[in-house]
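Asker: To start, I am sharing the structure in question, which I have written as structure tokens.
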Amino acid sequence: MPKHLISSADLDRGEVEAILETASSMHDVQRREVKKLPTLRGRTIINFFFEDSTRTRSSFEIAGKWMSADTINLSAKGSSTSKGESLRDSVQTINAMAVDALIIRHNQSGACHQVAGWVDASVINAGDGTHEHPTQALLDAYTLRSRIGDLDGKHVVIVGDLTHSRVFRSNVITLKTLGARVTVVAPPTLMPAGIGSWSAADGFATSWDLDEVLEGDDVPDAVMMLRVQRERMSGGFFPTPREYTVGYGLTRPRLNALLARNPRALVMHPGPMNRGLEISADAAESDASIVLDQVSSGLAVRMAVLYHLLAGEEVAS
Amino acid sequence: MTRPDSSGPPAGSPVDPHGRTVLSSNEIARGLRRIAHEILEHNKGAADLVLLGIPSRGVELAERLALILAEVEGCDPLPVGSLDITMHRDDLRHQPTRSPMRTVIPDCGVDDKIVVLVDDVLYSGRTIRAALDALADLGRPRAVRLAVLVDRGHRELPIRADHVGKNLPTSHSEKVQVRLRGHDGVEDVVRISGGN
């Protein structure tokens, strides 16, 4: 296992599979009365969140606590960052307290990569700007696998605000590591520049037309709707929310069309959802939706990541 | 640090051809049958017994013991489970992480039961210490007993087995290899190899 988890590309197939396997044991622990394991006793984990988060931060914190590590949460507000301390000074201050892992969320892409060069602790990327969110991709893969088995050859469609989505970048890497085929769909304005250079040869395709993909020959096994990230948008990426929904929202008629072709198709969303924008409330609550499974998988997968990165023998970085 | 006595090599690993056989398939079968009788004698029947194997080979041994116990006692199949101890090991920092195996607790649970832990080889005793910790997180058995196929000595903790298939004096440098039909796909055998 690598020392840091910055990008989904840090993990090869064997490592991803080891994490997902461990996560399924951790899922059993979650159902027990006593949820604590002694595995990371005496280890200190800092959650340093420079950006808001509900599920990622709480699940990393609970995961750490269930593994008996001491977990401490810091956020930009309320830390010396608000007094103007630089990222480097902040993380080096924390590093000087001999912590074992830094879990970082930051609004700048590449922040975690930089931090990894400044500290001795393991650095885990909990989302950096529009770059990557590797544990989200792992938990999505875990959730999918628990429903449809091995992902080899499966077809996953990712729809929405690709330009601003770290979830999509990590997911494409992890899904491809596990042998799945990925089609990404977005309006031209939200399709990242340079996506054409992503190799099309090994099961990666792009499209501007959601209906065409849902009704195409390659029937999707799962559709992942991404959140429209208004907080990262400056300027008009689409004329009106209504127009976005008409073109790219997962509405009931679209879901019905998909289920008519594949009754076992699954609907995913990394949350938080903009109901009525990228996904209708109806689709989010349907039997095909595994949105809440994704949240509960998050805990198990993050326990597994902490275990594999922190419990074993020290690796030189 | 002594290599702990659990898990052992993965299924299907070849045995050292230079080793010598210390327990044949028949002897293993007889050993298990004797252990089953001992458990019943000690427990005065099969009431409240729950067998928990320690992965990986302990689980197969526990399953076999459960069958023999049910046959001897003429009762319903006894509850069998598996108890993974990976997360409770005391030597995690000394080796690369490995994925934990499944912990499966029978529906009856372990509270107020007589739990018999089953493992293939008892060595340092550290695995059993970890298993006792893992078990405490799952409930409160009335009693916990330990059955092992082979006791090779060299304990590092005050732990002893209640039921032993065979006591096998060994040196630290020797390797005890257990192979089981279901787990390894070869005929049951216990071999010793290495040593000076």
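Asker: Among the helices of chain B (complete DSSP H runs), which have Cα atoms covering no less than 20 Å along the helix axis and a Kyte-Doolittle mean of at least -1.0? The partial results should precede the final answer.
Answerer: Details: long enough: B:25-43 (27 Å, -0.73); B:57-73 (24 Å, 0.59).
Membrane-span-like by this criterion, though nothing is claimed about a membrane: B:25-43, B:57-73.
Asker: For segment A:134-294, just run the numbers: alpha carbon Rg, then divide by 2.2 N^0.38 Å, N being how many residues it has.
Answerer: For segment A:134-294, the normalised Cα radius of gyration comes out at 0.94.
Asker: Turning to a different aspect of this structure: Please report the buried accessible area for the interface of A with B, total over both chains, probe 1.4 Å, in Å² to the nearest 100.
Answerer: Details: alone 13490 and 9790 Å², together 21620 Å².
Between A and B, the summed buried area is about 1700 Å².
Asker: Also, quick follow-up: Taking the full set of protein chains and a 1.4 angstrom probe, give the accessible area of residue B:101 in square angstrom, rounded to the nearest 10.
Answerer: 80 Å²
Asker: Suppose we compare each residue of segment A:13-41 in its chain alone and in the full protein complex with a 1.4 Å probe; which ones drop by at least 50 Å² of accessible area?
Answerer: A:32
Asker: Further, regarding this structure: Whole angstrom only: what separates the Cα centroid of segment A:122-156 from the Cα centroid of segment A:176-251?
Answerer: 17 Å
Asker: For segment B:100-118, list whatever residues lose no less than 30 Å² of accessible surface once every protein chain is in place, relative to that chain by itself, with the probe at 1.4 Å.
Answerer: Hits at the 30 Å² cut-off: B:100, B:102.
Asker: So what's the Cα pair-distance distribution over segment A:160-211, bin width 10 Å, in %?
Answerer: With 10 Å bins starting at 0, P(r) equals 25, 60, 15.
Asker: Assuming 1.002 mPa s and 20 °C, estimate D for the protein assembly as shown with Stokes-Einstein, Rh taken as the Kirkwood radius over Cα pairs, in µm²/s. It would help to have the intermediate numbers written out before the result.
Answerer: Values: Rh = 25.4 Å.
Roughly 84 µm²/s, to the nearest whole number.
Asker: Can you work out the PRE-style zone for residue A:287? Point 7 Å along Cα to Cβ, and I want the residues of segment A:120-157 with backbone N under 20 Å.
Answerer: A:144-149
Asker: Right, another one. For residue A:62, tell me the accessible area in Å² from a 1.4 Å probe, rounded to the nearest 10.
Answerer: 70 Å²
Asker: If you don't mind, there's one more thing I want to ask. Where does each of A:112, B:108 land when they are ordered by accessible area, with a 1.4 Å probe and the largest first? Write down the numbers at each step before the final one.
Answerer: Working: A:112 0, B:108 60 Å².
Final ranking, largest accessible area leading: B:108, A:112.
Asker: Remind me, relative contact order of segment B:21-124 in percent, using alpha carbon pairs under 8 angstrom and six or more residues apart?
Answerer: On the way: 133 pairs, mean separation 34.5, N = 104.
Averaging sequence separation for qualifying contacts and normalising by length gives 33 percent for segment B:21-124.
Asker: I've got another one for you. Quick one: 3J(HN,Hα) in Hz for segment A:289-302, Karplus 6.51/-1.76/1.60 with θ = phi - 60°, rounded, Gly and Pro as x.
Answerer: Calculated HN-Hα couplings, in order: 6, 10, 4, 6, 4, 4, 5, 6, 5, x, 5, 4, 5, 6 Hz.
Asker: Another question, then. What is the P(r) of chain B, as percent of Cα-Cα pairs per 5 Å bin from 0?
Answerer: Per 5 Å bin, starting at 0, the Cα pair percentages come out as 1, 8, 17, 21, 21, 17, 10, 4, 1, 0.
Asker: Compare each residue of segment B:132-178 in its chain alone against the assembly with all protein chains, and report those whose accessible area goes down by 30 Å² or more; 1.4 Å probe, heavy atoms.
Answerer: B:137, B:138
Asker: Using a 1.4 angstrom probe with every protein chain in place, what is the largest-first accessible-area order of A:52, B:16, B:111, B:91? Provide the component values of the computation, followed by the final result.
Answerer: Numbers: A:52 135, B:16 45, B:111 90, B:91 10 Å².
Accessible-area ranking of A:52, B:16, B:111, B:91, largest first: A:52, B:111, B:16, B:91.
Asker: Suppose each label sits 7 Å from its Cα in the direction of the beta carbon; what would the residue A:55-residue B:160 distance come out to in nanometres?
Answerer: 5.5 nm
Asker: Continuing with this model, one more query. Would you mind telling me the share, in percent, of accessible area of chain A contributed by carbon and sulfur at probe 1.4 angstrom?
Answerer: Working: 6280 of 12700 Å².
So the carbon and sulfur contribution to the accessible surface is 49 percent.
Asker: May I ask you to derive the relative contact order of segment A:134-294, considering only C-alpha pairs under 8 Å and at least 6 residues apart, and to give it as an integer percent?
Answerer: On the way: 264 pairs, mean separation 38.6, N = 161.
For segment A:134-294, the relative contact order is 24 percent.
Asker: How many angstrom separate the Cα center of segment B:148-196 from the Cα center of segment B:92-145?
Answerer: Here the answer is 18 Å between Cα centres.
Asker: Give me the distance in nm between label points sitting 7 Å out from Cα along the Cα-to-Cβ direction at residue A:189 and residue A:92, one decimal.
Answerer: 4.3 nm
Asker: Longer than 27 Å from Cα to Cα, which of A:35/B:175; A:3/A:176; A:36/B:113; B:44/B:166; A:3/A:154 are they? Say none if no pair is. Could you put the intermediate results ahead of the total?
Answerer: Working: A:35/B:175 36 Å; A:3/A:176 22 Å; A:36/B:113 22 Å; B:44/B:166 23 Å; A:3/A:154 30 Å.
Table pairs above 27 Å Cα-Cα are A:35/B:175; A:3/A:154.
Asker: Working from Cα positions, state the angle (0 to 90°, nearest 10) between the long axis of helix A:55-66 and the longest principal axis of chain A.
Answerer: It works out to around 40 degrees.
Asker: Right, here's the next one. So how far apart, in nm, are the two label points at residue A:108 and residue B:38 if each is 7 Å from Cα heading toward Cβ?
Answerer: For the pair residue A:108/residue B:38, the computed spacing is 6.6 nm.
Asker: Please report, in whole Å³, the volume per residue of the convex hull around the C-alpha atoms of segment B:21-101. Working shown, then result.
Answerer: On the way: hull volume 10.5 nm³, N = 81.
Each residue corresponds to 129 Å³ of Cα convex hull volume.
Asker: Accessible area per residue of chain A at 1.4 Å probe, in Å²?
Answerer: Values: 12700 Å² over 317 residues.
On a per-residue basis, chain A sits at 40 Å².
Asker: Note down the relative contact order for chain A as a percent, whole number, built from C-alpha pairs under 8 angstrom at least six residues apart. Numbers along the way, then the final one.
Answerer: Details: 581 pairs, mean separation 67.4, N = 317.
Dividing the mean separation by the residue count of chain A yields 21 percent.
Asker: Nearest-5 percent of antiparallel DSSP beta bridges in the protein assembly as shown? Let's see the in-between values first.
Answerer: Details: 11 of 67 bridges.
Restricted to the protein assembly as shown, the bridges split so that about 15 percent are antiparallel.
Asker: Here's another thing I want to ask about it. For A:242, A:264, B:93, A:145, what's the largest-to-smallest order of accessible area, 1.4 Å probe? Walk me through the intermediate numbers first.
Answerer: On the way: A:242 175, A:264 155, B:93 95, A:145 65 Å².
So the residues, ranked largest to smallest area, are A:242, A:264, B:93, A:145.
The values are calculated or read from the model by the stated rules, or taken from the named source; none is laboratory data. Remember, predicted model here, so these are calculated numbers, not experimental data. Cβ coordinates were reconstructed from backbone atoms using ideal geometry, including for glycine residues, and neighbour counts include every protein chain displayed. Only protein heavy atoms, including side chains, enter the accessible area calculation; ligands, DNA and RNA are left aside. Shrake-Rupley method; radii C 1.70, N 1.55, O 1.52, S 1.80 Å.
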